[in-house]
1. Can you confirm whether B:GLU119 is under 24 Å from the mean Cα position of the chain (by Cα) and away from ligand 1 (no atom under 16 Å from the Cβ)?
2. Taking segment A:56-99 as the region of interest, how many residues are β-branched (Val, Ile, Thr), more than 19 Å from A:ILE27 (Cβ to Cβ) and assigned to a helix (DSSP H, G or I)?
3. Which one of these is in contact with a Lys or Arg (Cβ under 8 Å, 6 or more places away or on another chain) and surrounded by 14 or more Cβ atoms within 10 Å (Cβ to Cβ): B:ILE51, B:ILE31, B:ILE47?
4. Would you mention how many residues in segment A:367-394 are of a type in the set (Asp, Glu) and touching a residue at least 60 places away in the same chain (Cβ under 8 Å)?
5. Go through (1) without any contact (Cβ under 8 Å) to a residue 60 or more places away in the chain; (2) crowded, with 24+ Cβ neighbours inside 10 Å; (3) more than 30 Å from B:PRO153 (Cα to Cα) for A:PRO87 and report which single condition fails.
6. When you scan segment A:292-299, do you find a residue that is of a type in the set (S, T, N, Q), within 19 Å of A:ALA505 (Cα to Cα), part of a strand (DSSP E or B) and under 24 Å from the mean Cα position of the chain (by Cα), even just one?
7. When you check B:ASP106 against the structure, is it more than 11 Å from chain A (Cβ to nearest Cβ), surrounded by fewer than 19 Cβ atoms within 10 Å (Cβ to Cβ) and modelled with pLDDT of 90 or more, yes or no?
8. Against the definition (more than 9 Å from chain A (Cβ to nearest Cβ), touching a Ser or Thr at 6+ places or on another chain (Cβ under 8 Å) and of a type in the set (A, V, I, L, M, F, W, C)), how does B:LEU123 come out, yes or no?
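The values are calculated or read from the model by the stated rules, or taken from the named source; none is laboratory data. All values derive from a computational prediction rather than experimental measurement. Here the Cβ positions follow ideal geometry from the backbone for every residue, glycine too, while neighbour counts run over all protein chains shown.
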Amino acid sequence: MNEQQQTLWEFMQQQSDKLLTQTLQHIGLTFVSLFIAVLIGLPLGIFITRKKNFSGPVLGIASILQTVPSIALLGFMIPLLGIGAKPAIVALLLYALLPIIRNTYTGITGVDAAVKEAATAMGMSKWQILFKVELPLAMPVIFAGIRTATVITVGVATLASYIAAGGLGEFIFGGISLNNTNMILAGAIPAALLAIIFDFLLSRLHKLNIKKLRTVTIDLPLLLLVLSSLYFIPSAYGTKLKAGFTPEFMGRQDGNLGLISKYGLKIQTLVINDAVMYKAAYEKQLDVISGYSTDGRLKAYDLVVLDDDKKIFPPYYAAPIVRENSLKKFALLEKILNLLAGKINDSTMTALNYKTDYLHQSPERVAKDFLVANKLWKPARNGNDGIVRIGSKIFGEQYILASIYSMLIKGYTNYDTSTKTGLGGTKICFDALTNDQIDFYPEYTGTGLLAILQPSPKTIDSLTHSKDETYNYVQKEFEKKYKIKWLKPIGFNNAYALMMRKKQAKGLNIKTISNLKRYLDR
Amino acid sequence: MIKVQKLSKHFGKVKAVDEISFEVKEHENLILLGTSGCGKTTTLKMINRLIEPSAGNIFIDSKNIFEQSPETLRRGIGYVLQNNGLFPHYTVAENIAIVPQLLKWDKKRTEKRVAELLEKLHLTKDYLNVYPNELSGGQQQRIGLARALVADPAVLLMDEPFGALDNVTRSKIHAEFKALDELKRKTIIMVTHDVQEAFELGDHICLMDQGKIIQDGTPADLLFNPKNSFVKEFLQEQKLQLEFKAIKLNQLSRPLKGEAEKGVGQKVNNISADVSFWSVLEHFKFDGVDELNVIDKENNETWSANFEELMSAFYQYKKQQFHE
Ligand SMILES: Nc1ncnc2c1ncn2[C@@H]1O[C@H](COP(=O)(O)OP(=O)(O)OP(=O)(O)O)[C@@H](O)[C@H]1O
Ligand SMILES: [Mg+2]
C-alpha cells in the first residue's frame, strides 16, 4: 500500500506538467460549458415561466438530452462540429442545461404570489419585477441548480478526452487501457477533488445571507469567465497533418513512443477515443489515426493502412491455440482447424468484420457465407463423437472465427461443438484454456508474446521485427510452459497500424510511415 | 373622487362582479363588506387594474383609469394586501422605499419620509435594517401600511388589512388607524368581512352578495333602514354593538341635564362630538370617568353629560329611527 502511494506520488511529480495542463483544461472546460449553459439556461428558464405552454416541451427535451449516453452525444457532435473543444463544450453544456433550466423555473414559479402581486400593485414593470423580486428570491434555488450542473459537468468533462478536447480524462482513459493504476489515479483523484471543492464552494454561496448574495450574483459571472479562460487548446506545434491516437497507443513503446523514437515522426497529436476516432478521420477532422489493421471500420470509412516499413508494431498473426490433451482426445481436430490456415488475409478479415460491425449480420451468417464462397462448407453431420469446446474473446472478429471453426468441425467430423463466446479479455480466455474449460480459441502472436509470456524487453525487441520469429518463439514457449500448441496461422495480422483516408494518402503519395514522415518534414 | 360604473368581471361562467356602481367622495372611507366569495377582492383589484374588468368604467378624479398606463396608475394608488406581501429579501427600510425608488426620489427625501412614517406608526428606528420575517404579524401589517402610504397617494386600497390579526392587536391598530392624520387626507376603499370593523372604520359601506351591491349607505342607514331581509340578517347577530358604533354623539339630541352636580373628585374627560357612541362607552368603562365634556366643533358648542344621561339619549335616538 505504502509503496503504491509512493509510486503514485512519483508518477504525479514526474508528470506534473501534464497533470497541471490537464487540470487547468478540465477546470476551463467545465466552466466554459457552465458559463454558456447559464447564459442559455437562465433566460430559457425565465421564458418558460412566462409562456407556461413551453415549459413541458422545454423541460422534456432537456431531460431527454440528459439521458443520452455521453459517448453517443459526443459521437453525434463530430459531423456537426468536428472534434476538439467545440463539440466537447456543446455536449457538456447540454448536460448542464437541465438542472439550470429546471431550477430557474421552479425557483421563479415558487416566489410567493402575494409578493409578486404587491410588486405589481406598486407599479413595478414586468422587468423590474423580474430583476428586483423574482430573480433575487429564486436565487438560492437557481444556485442549487448551478451547483448540480457543476458537479455533473466536472464528471462528464473526463469524457472530453474521447474527442481530443483534453482534460483529466486523458490520464484516466489512458491508464485504463494501459492497465496503469497510477495513471488512472493521477487523473481520477484530481477530478474527484475538483468536484468536491466546487460543490463545497457553491454550497457556501448557497448559505450566504440575502445581502451578500446580491454581490455574489454580480461577481459570479466574472469568476466563471476567469475560470473559463483557463481553457486553451494545447497546440504545441501545428503540422500539415493532424493525428488522433487512442490513450493506449499514446503510452506504448510499440505505439506513439516507437513512432517518435524509431521513425522520428513529428505530428500534431490529439488524444481521442477509439469509438469516435475512425469517424473523425472520415469527417476529415483527423488525417492520421492509430487503429487495428483488420477493423471493419477501415472499410466502412474508406481508410488505408500505412505500411510499417521499420516494423515497430509487433506482429499479431491469428492462429488457433489448442490444449495438447485435446489434440489427443480429438484426433481429427488439428487437421480440421488447419483447413483455415492461410485462408484469410487482412482485407478479407476486414471485410468480414465490416459485415458484422456495420451491416449487422450475425457472425453465423458471415461465417457460413465465407465458407460457402471458399467451397469449404459442408452440412453438419451427426455429432456423436464428443463435444469440442470453442472459446472466443468478446469482440466481433473472434465470434466470426469461432463460428467458422464450429461449422468446419461439425461438417467434417462426427464431433459436436459448444461455443463459449464472450470470455472477456485475454486473461480470462487463456485461464479458461489452461484450466480445461475450453479446448481451443483463436489467439494473436503479439498477445501471446507481450500479454502472456512477457519476456524481457530485450527479447521482445529482438523478435518483433519478424513475423516468423515471433510465431516460432511463442510456439516453442507455449508448448514448454503450458502444453498448448499453436496451429498454423490463419493468415491475417490484426496489429496496430497507422491509417489515413484512401483518397488523401493517394493524393499525397503516402504508402508507408516513412513516406508520411518525409512528407511532414518537407 | 372615485366613480365606478356598471363594473363587471366574469371568470368563465362565474359572475364574480356583476354590474356594480358606486361612488367614493374625497377623504371618505368606503368599506366593501360581504361574505367570502362575494367579489370584494375582485372589485378592489379592478381599481388598480390588477384585474382587467369584463365591462364597465372607473374614473379617479374624473380621469378614466383605462386611458393611463397601469404602472403610472398604480404608483399613484396605495395598496395594502391581506397577507402584507412584503419583500422577504428587502429590509424594512427598503420595503417602505420601493415606490420612492420607482419614482426616483433622491436618497435624503426617501430617508426622511421613511423615518417620519415609522414614527407615526410607532416603530423605532431599530427596525429599519430588520427583515420582515423577524417582525410580528402586527408589525408587518404596519410596514405594509407604511409602504402603501410612503408616496402620499390620494387613494388607498386595502384588502382585509387587519384580517390576520388577533382581536386585541386589531382593536389597537384600529385605534391607531383612526388617529393617523395621514389617513384623514385619503380616499380609502377597504375590504372586510368583519361587520364590526366595517362599522368602526367606515364612513360608508357597500354590502355585497354574489357580485352585486345589496345596499350602499352609512352604517346607520344599513342598521336602521335595511333594504331587505338579507341586510337585516347580515347585521342581526351583533346588533347592539353595531348600534353603538353606528351612532355618533352629534346625532343625539342633547340630553336634559339631570340633578347630578359636578362634585369634588369627579373625573371628567373631553371628547369630540364626531366620535361614535362606542367610544363613549370605552371612556366610561376603561378610564372610569364620571362625566364627559362633549366638544361640538361644527356647532361651536360644548356640553356635558354622565353615563345615565347619555344612555337615555341613545335609546331615544333609536326609538326615533324605528318610528320613522
Ligand atoms: N382568477 C380567478 N379565476 C376564476 N374565478 C375566480 C378568480 N378569482 C376569483 N374568482 C371567483 O370570483 C368570485 C369572487 O372572488 P373574490 O376573490 O373577489 O371574493 P372575495 O369577496 O374577495 O372573497 P374573500 O372574502 O374570501 O376574499 C369567487 O367565486 C371566486 O371563486
Ligand atoms: Mg378577498
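1. In short, yes.
2. The initial filter retains those residues of segment A:56-99 that are β-branched (Val, Ile, Thr), namely A:58, A:61, A:64, A:67-68, A:71, A:78, A:83, A:89-90.
With the extra rule that they be more than 19 Å from A:ILE27 (Cβ to Cβ), the set shrinks to A:58, A:61, A:64, A:67-68, A:71, A:78, A:83.
Add one more test, that the residue is assigned to a helix (DSSP H, G or I), and what stays is A:58, A:61, A:64, A:67, A:71, A:78.
Result for segment A:56-99: 6.
3. Within the list B:ILE51, B:ILE31, B:ILE47, the selection yields B:ILE51.
4. Residues in segment A:367-394 being of a type in the set (Asp, Glu) and touching a residue at least 60 places away in the same chain (Cβ under 8 Å): 0 in total.
5. All conditions are met except number (1).
6. Taking segment A:292-299 as the starting set, the residues that turn out to be of a type in the set (S, T, N, Q) are A:293-294.
From what's left, within 19 Å of A:ALA505 (Cα to Cα): A:293-294.
Right, trim to part of a strand (DSSP E or B) and you get none.
Within segment A:292-299 (the criterion being of a type in the set (S, T, N, Q), within 19 Å of A:ALA505 (Cα to Cα), part of a strand (DSSP E or B) and under 24 Å from the mean Cα position of the chain (by Cα)), the answer is no, since none of the residues qualifies.
7. yes
8. Details: more than 9 Å from chain A (Cβ to nearest Cβ): yes; touching a Ser or Thr at 6+ places or on another chain (Cβ under 8 Å): no; of a type in the set (A, V, I, L, M, F, W, C): yes.
When the stated conditions are applied, B:LEU123 does not pass them.
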